[in-house]
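Novice: First the structure, which I've put down as structure tokens, then a few questions once you've had a look.
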Amino acid sequence: MLTLGIETSCDETSAAVVEDGREILSNVVSSQVALHRDFGGVVPELAARSHVERLPAVVDAALETAGRGLDRIDLIAVTRGPGLVGALLAGVGFARALAWERGLPIVGVSHLDGHLHSAFLESPGVRLPLLVLIASGGHTELVLMDDNGEYRLLGRTLDDAAGEAFDKVARMLGLGYPGGPEIDRVAAGVSVIDAQKAFPLPRIHVDGLDFSFSGLKTAVRYGLDRAAGRRAGQRLDPGAGAMLDPGFVALAAASFQHRAVEHLRDQFQAAAATAVPAARTLALVGGVAMNSSLRAAVAAAAERVMGRRDALVLPGPTLCTDNAAMIAAAGHALHARGGGRSLAVDPSLRWGAT
Ligand code: KG4
Ligand code: ZN
């Protein structure tokens, strides 16, 4: 069964063809990062317009790369939330028109279900129950998928999402957008001991399996103020990080990354050790799963708890960031269960909602 996935929830326009919910025949992603960079973040209006412009060519490219025409497609899966309302409307409108014109069934998919299903793509060894840490720009959630494919939310962020914290701290440090990859880049090669000495930040503690990043973000803010005070005797304005010395920025970025990664790893490891029913496979997904230090920390934690490294699924870069293959995979599963009938755009949609 061939599913055409369409994803436009934020700043990537993407279309993909996936066979039987597992095998990727194509996964075309047109990133709008260059369009939004000058604004330091995603401009919703620009994103929506750009999706409308790009969708026809992106869908054509996905079909062409897959070597399958629209006449071979059995199902259309489209993200209907969460995300930016105008961006979601662009994707859902396009997908509905296509489905209507071709008389194809269509399912509305939660972007979160999509991220979760990225664990199943290119990973034939996934066994249920599956424990997934989703760390993206908008969400930080620990979810257990049981033997029946039912989700159980084990923990979630109480304030900022992990990616949001990376993006905000990067802005304070005068680094570019999106901030996560920039922090990852400048922190590479910096010793954590040196970083914590030069820019000490407290370890994050949250009871249970929830997450919190706002305290860490505030600690970075105070640390920068102190540093500015030592230098110029005045408070550093937000965004004035561009004036900071690059060596100092690298130390601050590495110190922040260390604490953020440690917190994600701690909660993930605790969930893996205590989840009932016990997880047989672990997965780290979402844009922040691209972080090199987080990948290493989570791989080590998986080995500690599960006794073997191959119990962990770490999707590659295209599957971590927003893409339509994961939407097609989630849509395929939803359709098989008779769900996904609603196509109502919902910017705050949650898990598996139909
Ligand atoms: O999953 P995603 O592409 O979009 C959302 O659904 O939000 O995640 C984007 C987020 C951004 O906050 C970005 O800064 C973060 O993922 N990110 C990273 C890295 N690459 C992307 N964060 C930390 N380290 C990275 N290497
Ligand atoms: Zn996402």
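The values are calculated or read from the model by the stated rules, or taken from the named source; none is laboratory data. Every value quoted in this text rests on a predicted model; they were computed, and no experiment measured them. Methodologically, a virtual Cβ is constructed for each residue, glycine included, from the backbone with ideal geometry; neighbour enumeration extends over all protein chains shown. Note: accessible area is taken over every heavy atom of the protein model, side chains too, but ligands, DNA and RNA are not part of it. Shrake-Rupley method; radii C 1.70, N 1.55, O 1.52, S 1.80 Å.
Novice: Under a 1.4 Å probe, what is the accessible area of the chain per residue, stated in Å²?
Specialist: On the way: 14480 Å² over 354 residues.
I get 41 Å² per residue for the chain.
Novice: Only Cα pairs under 8 Å and at least 6 apart count here; give the relative contact order of the chain as a rounded whole percent. Spell out each step's value before the answer.
Specialist: Numbers: 804 pairs, mean separation 92.2, N = 354.
With pairs under 8 Å counted, the relative contact order is 26 percent.
Novice: Separate question: Using a simple charge model, +1 on the beta-carbon of Lys and Arg, -1 on the beta-carbon of Asp and Glu, nothing else, what dipole does the range 56-212 show about its Cα centre, in debye to the nearest 20?
Specialist: 180
Novice: How many nm separate the modelled label positions at Arg350 and Asp245, each set 7 Å beyond the Cα in the direction of the Cβ?
Specialist: If labels sit at Arg350 and Asp245, their model points lie 4.9 nm apart.
Novice: Taking 25 Å as R0, compute the FRET efficiency from the Cβ-Cβ separation of Glu122 and Glu64 and round it to 0.05.
Specialist: 0.75
Novice: Run the accessible area of the range 1-140 with a 1.4 Å probe and give the carbon-and-sulfur part as a rounded percent.
Specialist: That share works out to 53 percent.
Novice: Given charges of +1 on the Cβ of Lys and Arg and -1 on the Cβ of Asp and Glu, with all other atoms neutral, how large is the dipole of the chain about its Cα centre, in debye to the nearest 20?
Specialist: The dipole of the chain has a size of about 780 debye.
Novice: OK, next. If you take the square roots of the eigenvalues of the alpha-carbon gyration tensor of the range 235-354 and sort them as a ≥ b ≥ c, do you get rounded (a/c under 1.5), prolate (a/b over b/c) or oblate?
Specialist: Cα axes put the range 235-354 in the oblate bin.
Novice: Viscosity 1.002 mPa s, temperature 20 °C: what is the translational diffusion coefficient of the chain from Stokes-Einstein with a Kirkwood Rh over Cα pairs, rounded to a whole number of µm²/s?
Specialist: The Stokes-Einstein estimate is 103 µm²/s.
Novice: Among 80-89, 262-271, how do they line up by average Cβ neighbours within 10 Å per residue, starting with the highest?
Specialist: On the way: 80-89: 22.8, 262-271: 21.0.
For the peptides 80-89, 262-271, the packing ranking is 80-89, 262-271.
Novice: Filter the chain for me: DSSP H helices, axial length by Cα at least 30 angstrom, mean Kyte-Doolittle hydropathy not below -0.5. List them by residue number.
Specialist: 44-66, 246-274
Novice: Using the Karplus equation 6.51 cos²θ - 1.76 cosθ + 1.60 (θ = phi - 60°), what ³J(HN,Hα) coupling, rounded to whole Hz, does each residue of the range 118-133 give in order, writing x for Gly and Pro?
Specialist: 4, 5, 8, 7, 6, 9, x, x, 5, 10, 8, x, 10, 9, 10, 9
Novice: Please compute the modelled spin-label separation between Val192 and Leu35, points set 7 Å along Cα→Cβ, answer in nm with one decimal.
Specialist: Taking the simple label geometry, Leu35 and Val192 are separated by 3.9 nm.
Novice: For the range 76-131, rounded, prolate or oblate, judged on the Cα gyration tensor with a ≥ b ≥ c (square roots of eigenvalues), a/c < 1.5 rounded, else prolate if a/b > b/c?
Specialist: Numbers: a/c = 3.57, a/b = 1.75, b/c = 2.04.
In terms of gyration-tensor shape, oblate.
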